[in-house]
Amino acid sequence: MIVQDPAGSFSNAYSLMSDPRDLSHYQIGVRLEEQSRGGSAFMHGQVEVGTRLTISTPNNLFALDPGAGRHVLIAGGIGITPFLAQLHDLEGGATPYELHYAFRSPEHGAFQAELEQGPHAGHVRFYIDSLGRKLDLAALFAGLAADAHVYVCGPKPLIDAVIEGAKAAGIADERVHWEQFAAAPAEGAAFTVVLARSGRELRVEEGMTILQAIENVKAAKVECLCREGVCGTCETAILEGEAEHFDQYLSDAEKAAQQSLMLCVSRARTARLVIDL
Amino acid sequence: MANKYEMFSVRVSAVEQATPLIKRFTLVREDGQALPRSAAAAM
């Protein structure tokens with residue numbers, strides 16, 4: 001879901017972690033990011049009981065595959081939050097499931113106690129880096145049932161390791177699902193973006209996003225709620241050139257089609273990119 | 001073709017420090033009504 005402060009200065013996307021069927025309240029888990037754009041610093045520093053926030057309806061970006069014979073969930077750090085919501089759906093269901101939860105050190109294992117004590121206790125394994133208890137992905141994938149689906153949420157290195165490990169184990173892409181947490185900085189060289197409607201040309205420097213380049217000179221008005229390639233509000237058509245996609249909104253097929261891009265995270269693969277704005 | 005998100009106002013009813021870096025926030029509607037159902041609840 002998208003969460004904004006009342007003044008609209010901060011807007012971030014967070015996963016619902018409470019039971020999706022319990023509509024009396026929502027719960028979100030927010031990690032204080034050192035490289036925060038302000039959103040998590042605001043949530044940690046200024047939000048207290050009684051604070052008013054503006055939010056969107058939660059949108060399920062990371063659904064469990066109903067065709068799976070077994071759900072194998074792999075969480076790293078704050079990536080545990082979307083799984084906490086899913087565990088409510090899995091509880092008491094017919095499909096077996098298991099959660100593998102890796103974190104840095106004992107004090108960073110968020111919600112470990114409730115996972116250990118609750119109805120999921122027999123389904124959860126913890127991997128604590130500082131204690132040398134590491135998740136052996138190769139062994140996990142080697143023993144995976146043919147109809148099992150793998151879901152991973154956490155930092156990029158974990159997601160990459162799962163995707164690569166699954167590939168090496170011969171697990172089909174359709175059985176591997178991922179959601180990236182802590183938006184990876186979209187890296188790449190500078191390029192020129194052309195706003196077709198006004199003809200304005202803007203330089204997007206290394207370390208800057210197209211959205212920032214547009215906002216810096218007020219070249220156009222762009223609505224963007226999450227600013228991290230999740231919500232899809234800043235999707236814009238590509239007229240010329242190709243994008244290097246960094247979002248989690250478009251499907252692989254849509255990314256390959258090069259019809260549109262998310263201005264908040266995606267970059268140009270070509271020196272010049274003409275967009276319908 | 002941009003996504004349409006319905007935005008609404010909530011109040012923070014609880015804040016819990018889950019780890020040194022993670023806080024859990026509980027959000028409720030100010031009028032005490034039920035919150036909108038999420039897509040995740042459809043399963």
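Okay, here's what the table says:
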read-out	value
Residues that are surrounded by fewer than 17 Cβ atoms within 10 Å (Cβ to Cβ), within 7 Å of chain B (Cβ to nearest Cβ) and charged (D, E, K, R), drawn from segment A:21-35	A:21
Positions within segment A:87-116 being in contact with a His (Cβ under 8 Å, 6 or more places away or on another chain) and within 26 Å of residue B:26 (Cβ to Cβ), in sequence order	A:87, A:90, A:91, A:97, A:99
Of all residues making up segment A:179-231, the number that are more than 26 Å from residue A:163 (Cβ to Cβ), outside any loop (DSSP other than H, G, I, E, B) and at pLDDT below 90	0
Criterion: surrounded by fewer than 16 Cβ atoms within 10 Å (Cβ to Cβ), of a type in the set (S, T, N, Q) and more than 7 Å from chain B (Cβ to nearest Cβ) - qualifying residue of A:112, A:46, A:4	A:46
Residue count, segment A:221-239 (criterion: in contact with a strand residue (DSSP E or B) (Cβ under 7 Å, 6 or more places away or on another chain), aliphatic (A, V, I, L, M) and within 14 Å of chain B (Cβ to nearest Cβ))	4
The one condition in (1) within 28 Å of residue A:96 (Cβ to Cβ); (2) surrounded by 12 or more Cβ atoms within 10 Å (Cβ to Cβ) that residue A:143 fails to fulfil	(2)
Residue within segment A:116-138 that is within 13 Å of chain B (Cβ to nearest Cβ), part of a helix (DSSP H, G or I) and in contact with a strand residue (DSSP E or B) (Cβ under 9 Å, 6 or more places away or on another chain) present	no
Residue in segment B:9-35 that is modelled with the highest pLDDT, counting only those that are more than 7 Å from every other protein chain (Cβ to nearest Cβ) and farther than 30 Å from residue A:107 by Cβ	B:29
Selection from segment A:84-95 of residues that are more than 7 Å from every other protein chain (Cβ to nearest Cβ) and either over 16 Å from residue A:28 (Cα atoms) or touching a Ser or Thr at 6+ places or on another chain (Cβ under 9 Å) (or both)	A:84, A:88, A:90, A:91, A:92, A:93, A:94, A:95
Subset of segment A:232-257 that is outside any loop (DSSP other than H, G, I, E, B) and not aliphatic (A, V, I, L, M) - its residue that is modelled with the lowest pLDDT	A:252
Restricting segment A:30-54 to residues that are part of a loop (DSSP other than H, G, I, E, B) and modelled with pLDDT of 90 or more, the residue that is farthest from residue B:29 (Cα to Cα)	A:32
Residue within segment A:15-22 that is hydrophobic (A, V, I, L, M, F, W, C) and free of Cβ contacts under 8 Å to residues at least 60 places away in the same chain present	no
Residue A:62 among the aromatic types (Phe, Trp, Tyr), within 18 Å of the chain's Cα centre (by Cα) and either more than 7 Å from chain B (Cβ to nearest Cβ) or not in a loop (DSSP other than H, G, I, E, B) (or both)	yes
Filter result for residue A:230 (touching a residue at least 40 places away in the same chain (Cβ under 8 Å), closer than 30 Å to residue A:14 by Cβ, over 24 Å from the mean Cα position of the chain (by Cα) and buried (at least 19 other Cβ atoms within 10 Å of the Cβ))	no
Lone unmet requirement of (1) surrounded by fewer than 19 Cβ atoms within 10 Å (Cβ to Cβ); (2) at the interface with chain B (Cβ under 9 Å from one of its Cβ atoms) for residue A:55	(1)
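The values are calculated or read from the model by the stated rules, or taken from the named source; none is laboratory data. Just so we're clear, the structure is a prediction, and the values are computed from it rather than from any experiment. Note that each Cβ is placed from the backbone with ideal geometry, even for glycine, and that neighbours are counted across all protein chains shown.
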